[in-house]
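What follows is a set of notes on a single structure, which appears directly below.
The values are calculated or read from the model by the stated rules, or taken from the named source; none is laboratory data. Small disclaimer: the values here were computed from a predicted structure and weren't measured. Using ideal geometry, Cβ is built from the backbone for each residue, glycine included, and neighbour counts are taken over all protein chains shown. We work out accessible area using only protein heavy atoms, side chains counted, and drop any ligands, DNA or RNA first. Shrake-Rupley method; radii C 1.70, N 1.55, O 1.52, S 1.80 Å.
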Amino acid sequence: MFSDLFTFFTALPAQLSQTGDFLPESFDRGTAYLSVIGNYIENLDSTYKMVGISISLIIALLGCFFGFKLSKLFMSLTGFFTGAIIGGIVGVKFLNLSGILIALAVIICGLLLAFFAYRIYQAGIFILCFGLAFMAGASFLPFTGDIQFFLSVLIGFGIGALALKFIRPVIICTSAIVCGFSAAGLLITVCETMGIYSFSIPQTLLAIIISVLGIAVQFLTTTDKTNKKHKH
């Protein structure tokens, strides 16, 4: 999951500045700020990029195989990044903020939503699964621009609402699939960066294998605590 967020933040500026797609046109005012971030990341030394990719791969694998066990942590992280995005959009679009004020809006909104996601379990579940489903929709939908964004939001709301009723299976499946696909891409990137080209498995097939293994491991190593509470 976290690696998908990393990919989202690093890829979004380039997509916005080059095509104007992926988010509704009304958000274009934030393009300048995102482009600065994207250019900064692109100009990083290859060593730092490798460290970042490796850390992202580790987090993706943790999310894939231990997503349900680490759900509280991931709820907070997803809450923070979701709040940061909302804070940035509100600051630029509605409050006409700039510079340090936008940074403050991003940090404050991120911390507030992270706090609510951590303290209020139901809210955390919804935010976590909404974020995972939104990223999956943004990655897999064949559409672009406004259609992709709004369909991703609808998918996010649907999966988030479903998770409130079927907590364990939804968190397990969404975390394993999103993080599994992310881990597959990162694994291939790490190997290519290190000069290892022995991968003969297509990335999609590798992603499916990792995701299925992640789902199996999570179902075998976790129990549904909510059902146990209802029985007693």
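When ligands, DNA and RNA are left out and all protein chains stay put, how many square angstrom of accessible area per residue does segment 80-127 have with a 1.4 Å probe?
Numbers: 2780 Å² over 48 residues.
Each residue of segment 80-127 exposes 58 Å² on average to a 1.4 Å probe.
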Once the dipole of segment 38-191 is set up from charges on Cβ (+1 Lys and Arg, -1 Asp and Glu), the residue from the list Leu164, Leu154, Asn96 lying farthest towards its positive end is Leu164
If packing is taken as the average number of other Cβ atoms within 10 Å across a peptide's residues, how do 54-61, 140-147, 177-184 rank, most packed first? 177-184, 54-61, 140-147
How do 116-122, 150-156 rank on mean C-beta neighbours within 10 Å, highest first? 150-156, 116-122
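Taking a 1.4 Å probe, which of Cys109, Cys64 shows the most accessible area, and what order do the others take after it?
Values: Cys109 50, Cys64 0 Å².
The most accessible residue leads, giving Cys109, Cys64.
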Once phi is turned into θ = phi - 60°, what whole-Hz ³J(HN,Hα) does the Karplus curve with 6.51, -1.76 and 1.60 give for every residue of segment 76-92, x standing for Gly and Pro? 5, 5, 5, x, 5, 5, 5, x, 5, 5, 4, x, x, 5, 5, x, 7
